[in-house]
Structures are given as C-alpha cells and as structure tokens.
Amino acid sequence: MKSRWIAAGLVFGFIGIAAGQALAEEDKSDPGTQPAASSAAQPATPEPEYAFGTVKSVSGDQLTINEFDYDTGKENEATYGLDSKTEYDNIASAKEITAGNEVDIDYLVKDGKKVAVAVSVAKPVEGEETE
C-alpha cells in the first residue's frame, strides 16, 4: 500500500514539473503573453512641489509672492511662471489675482525656473476680518 502512495506521488510530481515546463515554453514563444516593459524604462512624471504665500505682484506670465523659507526662518520673494497649462482654483484666470491675495501654488522646476501647475487663491471666510 505504501508503495502505491509513493508511486502516485512520483507520477503527480512528474506531471507538475512537465506542466510547469510547458507553460514556461509557451510564455517564451508567445510575445503577447510577455509582461509589459517595466515602468523604470519610462521616464517618471515629476511630482509637483508646493508653496504658499502672499501675492506681491502679477504681471503677464509671472506671479511673485512673499513666501516663508523654513530653512532660513525668513520671508523670501519667489517668482513663478504661469502658462496656458496652469490651472486655477477659486478664480477663472491669473487676471483675477491681486496683490495681497493668499495663494497656494503647485509647481514644477523646468530649466531652473519654477512654473506653476496650479494656483489656488484663498477666499476670505464670511465674518473674518481681512488686513
């Protein structure tokens, strides 16, 4: 009886090995079953960086704000480029941004310049005093 179980185990073991080899050969011969190229081969889309501050000026395709620099502990002036791809929240366009507005900016650094991907202008809360 014991020898039957051993024989059955050997038979099923060989069947499993043969089936695995057959599937492996099938994958090699059919390019449609090959896994897609790794994402490492494709350039990754950079994640936007974040800034916030008070608008100092807006002119044409540039937005200048005073933002707090946590590294130095001081407020610095920073300029962000605006282009046709820039998205706006709480406003329709850059024409509605005025000096003194509080803004949040998502931006990418392109060729050493900060380019705004999205600009959100903070709306005052009803009943809240503005300076």
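Descriptive notes on the structure:
- Qualifying residue in the range 61-81 (condition: part of a helix (DSSP H, G or I), modelled with pLDDT of 55 or more and not polar (S, T, N, Q)): no
- Considered as a group, the residues in the range 76-94 that are free of Cβ contacts under 8 Å to residues at least 12 places away in the same chain and not hydroxyl-bearing (Ser, Thr, Tyr) include one that is surrounded by the most Cβ atoms within 10 Å (Cβ to Cβ), and that residue is 76.
- Checking residue 120 against (1) in a strand (DSSP E or B); (2) polar (S, T, N, Q); (3) loosely packed, with under 15 Cβ neighbours inside 10 Å, the condition it does not meet: (3)
The values are calculated or read from the model by the stated rules, or taken from the named source; none is laboratory data. Computed from a predicted model, the values in this text were never measured in an experiment. Reconstructed Cβ throughout: ideal geometry from the backbone, glycine too, with neighbour counts over all protein chains shown.
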